Amino acid sequence: MVEATFRVFMTTMWGCFPLTLAPSLIGLLPALSMPDPEADPLAALEWFQRPSVWAMYLLLSVVSALCINAVVFRMGMQGRGHPAGLIDSVTRGMQRLAAGLGGWLLYLLIVIATMLPWVAAIAVGQALQGEVGAAVGALLGMGLLAVPTWASLAFGLFIYAVVLERRSAVGALRRSMQLVHGNWWRSSLVVGVALLIYSIGIFFVALIAAALAGLLLWFSQGSGAMHGAAWLVGVQLLLAPFTALGQQLMLASGLAMFNDLVLRKPQPA
């Protein structure tokens, strides 16, 4: 599956790049319009309470879901030997938008719900006195962290079932859990390799982007601008292409895992 991940990623890299880059660039709009929290914290807090800001984040969520749907469809069709164009991919993304948004909402609620015992264990550890109490809380927290980790992987393939199998949000989550069941370690390996590569790559690219943005602002506006909102926007702008490629790699790994598990398990009637 690791080989299949990179094969899908390489063959669809530039075709899917506009679809993953667009949300990254649109995601800069809040940062561009937000007041500098260091210069005026109260204005930044008031900015978050505006209905227009909530509408902006809602639009970003919808566009991101649409683009993910389109990328999944384009990658899926490429893997099946029936390449899809940009327009066809966006059309399928729009057709499955409602189910995709519903799936993402349910997925986040499931992961958050499974994290509550872990949060409670951390709170208990902080409330207990002495080193023994802290150690007990830490052990409980580490053990309970396995629950949201399992949930994030067990339900994480839902978007492929939504787009490629035209399932509803609930049906896609059920399909994902059915596929991953009994293949936990195999699925974890593929996701782990892709996540490791993505994390290492983004870490070093972020360091370079931060340095470049700081130098550009230092030459243009002086050293005082190197820690403000303009610096953060510059870093995000330089990171956008690499974030887009990283998202493609993660989606390709999920698709490779989904296709492999579909072949291993018959589709329920």
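Some observations on this one:
- The stretch 55-110 - residue that is more than 15 Å from ALA252 (Cβ to Cβ) and among the charged types (D, E, K, R) and, of those, surrounded by the fewest Cβ atoms within 10 Å (Cβ to Cβ): ASP88
- A Cβ distance below 7 Å, combined with a sequence gap of six or more or placement on separate chains, defines the contacts here; from the stretch 85-106, residues that are farther than 11 Å from ILE68 by Cα reach residues that are among the hydroxyl-bearing types (Ser, Thr, Tyr) in the pairs ALA99/SER168.
- Residue check for TRP54: more than 18 Å from the chain's Cα centre (by Cα) and at pLDDT 90 or above: no
- Matching residues, the stretch 138-164, being without any contact (Cβ under 8 Å) to a residue 12 or more places away in the chain and of a type outside the set (Gly, Ala, Ser): LEU139, MET142, THR149
- Residues located in the stretch 80-105, provided they are part of a helix (DSSP H, G or I) and of a type in the set (D, E, K, R): ASP88, ARG92
- Selection over the stretch 1-41 of residues that are exposed (fewer than 14 other Cβ atoms within 10 Å of the Cβ) and aromatic (Phe, Trp, Tyr) gives a count of 1.
- Test result for GLY182, farther than 22 Å from ASN69 by Cβ, at pLDDT 75 or above and not in a helix (DSSP H, G or I): yes
- Pairing each residue of the stretch 108-130 that is over 14 Å from THR149 (Cα atoms) with any residue that is loosely packed, with under 12 Cβ neighbours inside 10 Å and at pLDDT below 90, provided the two are 6+ apart or on different chains, yields no C-beta distance under 8 Å.
- Scope the stretch 156-179; condition assigned to a helix (DSSP H, G or I) and exposed (fewer than 14 other Cβ atoms within 10 Å of the Cβ); matching residues: VAL170
The values are calculated or read from the model by the stated rules, or taken from the named source; none is laboratory data. In this text, all values refer to a predicted model and were calculated from it rather than measured experimentally. For neighbour counting, all protein chains shown are included, and Cβ atoms are generated from backbone atoms with ideal geometry for every residue, glycine included.
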